[in-house]
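Taken together, the values in this text are just the output of simple stated rules run on the coordinates, not laboratory data. Keep in mind the model is a prediction, meaning the values are calculated, not measured. Glycine also receives a Cβ, built like all others from the backbone with ideal geometry; neighbour counts cover every protein chain displayed.
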Amino acid sequence: GEDVEQSLFLSVREGDSSVINCTYTDSSSTYLYWYKQEPGAGLQLLTYIFSNMDMKQDQRLTVLLNKKDKHLSLRIADTQTGDSAIYFCAEPTPAGYALNFGKGTSLLVTP
Amino acid sequence: DAGVTQSPTHLIKTRGQHVTLRCSPISGHKSVSWYQQVLGQGPQFIFQYYEKEERGRGNFPDRFSARQFPNYSSELNVNALLLGDSALYLCASSPQEEVVDTQYFGPGTRLTVL
């Protein structure tokens, strides 16, 4: 079947903006999610967007949704070294009972 | 309020053994889901339980089983362990049956099969 696709690696300088992209599979997905995973840790929900929205802003985070292209992006403004982590895009499975994750984008923030 | 808790945090087993992993959801949450995260990959859905009944199952062999107790805590059992079962096992809870809002994840159990 189709997979949620993400670029695997992104490196940015501290203070710059980071943009992490994702292509999801199900155009009927009601919600789309971004999770963060720090080394050796579980998943932390960063933000989510409802499918009838094009954009959602939450402090330094901006989520953009293009339903036509099934494209989701996460922008982190003023990226800090503490933002270094793996970021996962996720959508509900067709039955709606679980999440289907991408492979994750590893973000490295350099001083 | 306590988040999702999992035990043990780390576990080492040998091939052929079986393992039981435990999860306690956030208070008031009735849905528990289990995911397997192999190193370098995203989490893969294994099971979802709601009100003590299995509501969803991912593409995993019958060696994997789970149950949910009246207090909504859950156990994941894996029999006849294989090297490929080495992974981080994540538990997530949510208040509703469907993922209409969000799932909250625990810190995971790191299973190593030798």
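Among B:42, B:24, A:73, which residue has its Cα positioned farthest towards the positive end of the charge dipole of the protein assembly as shown, with +1 placed on the Cβ of Lys and Arg, -1 on the Cβ of Asp and Glu, and the dipole taken about the Cα centre? Most positive-ward Cα: B:24.
Oblate is the label for region A:46-106, because a/c, from the alpha-carbon gyration tensor with a ≥ b ≥ c as root eigenvalues, is 1.5 or above and a/b does not exceed b/c.
Averaged over the residues of A:5-14, the number of partner chain Cβ atoms lying within 10 Å of the residue Cβ comes to 0.
Cβ crowding within 10 Å ranks B:22, B:55 as B:22, B:55, fewest other Cβ atoms first. Where both bridge residues fall in region A:5-111, DSSP classifies roughly 90% of the beta bridges as antiparallel. Please report, to two decimal places, log10 I(q)/I(0) for chain A at q = 0.09, 0.15, 0.20, 0.21 Å⁻¹ as given by the Debye formula with identical point scatterers on the Cα atoms and no solvent. Taken in order of the listed q values, log10 I(q)/I(0) reads -0.21, -0.59, -1.04, -1.13. Under 13 Å from the Cβ of residue A:104, count the other residues' Cβ atoms, weight Lys and Arg +1, Asp and Glu -1, and hand me the total. For residues surrounding residue A:104, the net value is -1. Scattering from the protein assembly as shown was approximated by placing one identical point on each alpha carbon and applying the Debye formula without solvent; log10 I(q)/I(0) at 0.11 1/Å stands at -0.54.
Peptide A:85-92 shows a mean partner chain C-beta count of 2 within 10 Å per residue C-beta. Think of each Lys and Arg Cβ as +1 and each Asp and Glu Cβ as -1; about the Cα centre, that makes the dipole of region B:32-114 roughly 260 debye. Ordered by the count of other Cβ atoms within 10 Å of each Cβ, fewest first, A:51, B:74 give A:51, B:74.
By other beta-carbon atoms within 10 Å, ranking B:76, A:64, B:39 with the fewest at the front produces B:39, A:64, B:76.
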